[in-house]
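The values are calculated or read from the model by the stated rules, or taken from the named source; none is laboratory data. All values derive from a computational prediction rather than experimental measurement. Quick reminder, even Gly has a Cβ in these numbers, built from the backbone with ideal geometry, and neighbours come from all protein chains shown. For accessibility, only protein heavy atoms count, side chains too; no ligands or nucleic acids. Shrake-Rupley method; radii C 1.70, N 1.55, O 1.52, S 1.80 Å.
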Amino acid sequence: MIFRLALVLAAVLSAAYGSTLQARTMQAQIRWTTYGVPHVKAENYIGLGYGYGYASARASVCQLSDRITTLRGLRSGLLGPSGNALVGFVHTTNLASDLFYRVMLPQAALAQAYEQLSISGRELVDGYAAGFNRYVREIKVLPGLPACGGIQIPEMRAADVVAAMMQIGTVWKAADVARFAASSTSKNLIEEASSSRQPDQPAFVSPYETPSMASNAWAYGSSVTATGAAIVVANPHSFWQPHWLSMHEIHLTIPGMIDVFGADFLGLPVPVVGFTNNVAWSIEAPSTVTYHLLLALKIKAGLRPSYQVDGRSRPIAFRSIELPVRRDDGSVGNETFRVPYSDWGPIYKLDAAPGRAAGWYAITDANEGNAQGIDQLLAVAKSNNLKEFEVAVSRHRGIDGHLIAGDRLGESLYIESGPLLDIDDITLRRCAVAAASTESTVSRPLLNVLDGSKDACAARGVHGRPRLTPPDRMPAMATHGIIYNMNDSYRLSVFGENREGYSLLLGDPASSPGLRKLMSQRHIAELLASGHVTEEDATEVMFSDRNYAAETSLDEILNACRGATPGSAAASACSILRAWDRRNNSESRGALMFRQVWARLKEINSFYSQPFDPVNPFKVRPVSVESGVAAAILEKAAQAEDSLRKLGLTGDEAWGSVLARSTPNGRIPLHGGAGDAEGVLNAITPADLQTNGFAQILVGTSYVQVVTWKDGHVVAKVLLAHGQSFDATSAHYADQLPLFAKKQPAPAAFAEQEIEADPNLEVLKLHEDSPRSSGH
């Protein structure tokens, strides 16, 4: 049946994604070293992409096939419309996913984005698609072709690579609207008009399913190192399960043009974090940045629906989207969906959510049609110093994120990588729509939900395009001191300084820094008091597994424990906490009990005796000593002890006995803990706690690099915690996990002599004169 469905879809794919790539000679050499790291060398960008695409397919052909199918909007035809799909971080139906991506990544936009790339960027994209296809052609003649869970392995096109880059910029919109893509059609507008009653106002349910993720990055400049060069520590966190945000190590070389080692996200043709002979950098999710605005519309529904702007009526147009859909009997047929459009693009009927009323919304998005991350990261990798690095970023404004970088000259840099809407703070506040808050009866403005009945609130300019903030009004902060960021805003990213004055869309300057930032600041202040920062020091900051919540609150919690009745559940919990070393090392005993207790303490009103003070953002907030708070602490401790006892646990287990990962070589004890909740920099998010511990690791430290320069040469240590493959039968499934468990990144094989001397070296030379179609 799957084969028959694939034949039906093949015609659709061929018509939708025609070929434009001219026949060219492509050749590359791929050398795999220990841990399955591919080192791709070529003479030009098309050859480099060719080898890169081949190596990526060999490591993740099924995941890449799933991503191609998803971004083309073809899941409903293969897997049925009601099946589960992941759009950004949001789980929804295949039908909603297909409609979302067909609207957000239409063929015309992909073609235009491809044409706007540099020649080098287009060649890299073309080669990547051709390399993937070369690998697929090879495995099709071998036994045991991967089934890929019902996803037919497609032919990759350049458009698929462009879509993978553009998809990064859609994840924030997806959190708001993806679930509603299938319920925001012409049918819904007509039904709304014919109904005599007001639409239901659903209970406040958050549309966000972003997992508890965290990333850290540090760049220690020459004023705090002893070598005159920077030390750059990259600590991005991503999924330990197959996911579009999974990371993969790669080394790309065109002699005399580019030589970069790092890690990508699945399907991207460029590393998003990495190092060269001159610079090193990391990327972080921009948790404080608002990239898109929801425009609340005043809709007049009916057969000729319209919306109001500045007191005038504008008609709603419709665009038809035809999708292959698998029916209950297994047959596949095309269905047509009419999607409503305003002058500002598609509109969605959204349910109520915190800070947002139910209704119809348009979107203004800074990332509309943006695939510049490809050229941006290519230019970054060719930078000779941070001044060139800054120019490379600001000229392209591609991939969303904070970039933290350092160079061999000892400079460090923070810069916003993605684009930002150009709307001043006064207009932003005036346009903000007040919505009921779940925390109180008082209405409050949410600054990404604006009044769509006023043209001035749309943040659009010539030809209706989103207005973008120019580079001179975007944060780009250089220093020879320390740059550090933990997914927080630009404001406190220069150690010891408080930078303000940029758009509220980058984050509220009065907001509290997260616990990971507080832990990092405390750790670094201690380091600087004892002298210069070394690579060992920088690694220790990342992997110390100190727990900020415990360091700043446990003493007061234990004071409350004095009131516990001897022999009670609370007294048992307190005894375990008293003996804990306040870290989340694999051998630490008591970390499990603290996790269970601390999660409940946040429910206590007035737990802290003082509010957050934005003037002193790093000031420790003391726990209240009021008798009512002390009694509540004991109650929560007893609840935590009881919950663990019901699972057959005590809370005194060695942390690594409950936080571990099963591998073909046995269960490996791990370290790390709750990042945002407890302030552990080495953030690990496991699945739910069970009788034998946490079932699996969902998200955590992934690619790690510690980079500096000595005697003019780059010195780098790296690891990829979950390994290069998610296939449990692969030799590279979790084979780097012991490095992570021991907190020991390994020297990177970067120089030619290091690669050639690798004891597990595998070499493959690829050559192709007439690639099959790989066009956009």
Of the candidates ALA164, ALA178, ALA130, the one satisfying the condition of being open to solvent by less than 30 Å² (accessible area, probe 1.4 Å), closer than 20 Å to TYR50 by Cα, touching a Ser or Thr at 6+ places or on another chain (Cβ under 6 Å) and assigned to a helix (DSSP H, G or I) is ALA130
Over segment 569-588, the set of residues open to solvent by 30 Å² or more (accessible area, probe 1.4 Å), over 36 Å from the mean Cα position of the chain (by Cα) and either farther than 15 Å from LEU649 by Cβ or free of Cβ contacts under 8 Å to residues at least 24 places away in the same chain (or both) is SER575, ARG578, ALA579
Per the filter on segment 81-104, residues among the small types (Gly, Ala, Ser) and open to solvent by less than 10 Å² (accessible area, probe 1.4 Å) are ALA85, GLY88, ALA96, SER97
Checklist entry - Has segment 105-115 got at least one residue that is charged (D, E, K, R), surrounded by fewer than 24 Cβ atoms within 10 Å (Cβ to Cβ) and either without any contact (Cβ under 8 Å) to a residue 12 or more places away in the chain or under 20 Å from ALA130 (Cβ atoms) (or both)? => result yes
Q) When you look at ILE316, is it open to solvent by 10 Å² or more (accessible area, probe 1.4 Å), farther than 30 Å from HIS248 by Cβ and touching a Pro at 6+ places or on another chain (Cβ under 7 Å), yes or no? A) yes
Result of the Cβ filter at 6 Å on segment 223-243, keeping first residues that are farther than 19 Å from GLU540 by Cβ and partners that are in a loop (DSSP other than H, G, I, E, B) and among the hydroxyl-bearing types (Ser, Thr, Tyr), at least 6 apart or interchain, is GLY228/SER222; SER238/SER702; PHE239/SER246
Of the residues in segment 299-313, those that are in contact with a helix residue (DSSP H, G or I) (Cβ under 7 Å, 6 or more places away or on another chain), open to solvent by less than 60 Å² (accessible area, probe 1.4 Å) and either in a strand (DSSP E or B) or over 21 Å from ILE190 (Cα atoms) (or both) number 1
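Please note which strands (runs of 3 or more DSSP E) are completely contained in segment 626-741 and include at least 1 residues that are open to solvent by 10 Å² or more (accessible area, probe 1.4 Å) and in contact with a Ser or Thr (Cβ under 9 Å, 6 or more places away or on another chain). Show your work before the answer.
Values: elements: 660-663, 666-669, 684-686, 697-701, 703-710, 713-720.
It comes to 666-669, 684-686, 697-701, 703-710, 713-720.
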Q: State yes or no: is ILE668 in contact with a Cys (Cβ under 8 Å, 6 or more places away or on another chain) and not small (Gly, Ala, Ser)?
A: no
Query raised in the report: Any residue in segment 340-348 that is touching a Lys or Arg at 6+ places or on another chain (Cβ under 8 Å) and under 17 Å from TYR414 (Cα atoms)?
Result: no
All-but-one check, ARG772 against (1) open to solvent by 60 Å² or more (accessible area, probe 1.4 Å); (2) in a loop (DSSP other than H, G, I, E, B); (3) at pLDDT 95 or above; (4) of a type in the set (D, E, K, R), failing number (3)
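Could you tell me whether any residue of segment 510-523 is farther than 23 Å from PHE612 by Cβ, open to solvent by less than 10 Å² (accessible area, probe 1.4 Å) and hydrophobic (A, V, I, L, M, F, W, C)? Show your work before the answer.
The initial filter retains those residues of segment 510-523 that are farther than 23 Å from PHE612 by Cβ, namely none.
No.
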Given the conditions (1) surrounded by fewer than 15 Cβ atoms within 10 Å (Cβ to Cβ); (2) touching a Leu at 6+ places or on another chain (Cβ under 9 Å), every one holds for ASP328 apart from (2)
The one condition LYS173 fails out of (1) within 29 Å of GLY73 (Cβ to Cβ); (2) modelled with pLDDT of 85 or more; (3) part of a loop (DSSP other than H, G, I, E, B) is (3)
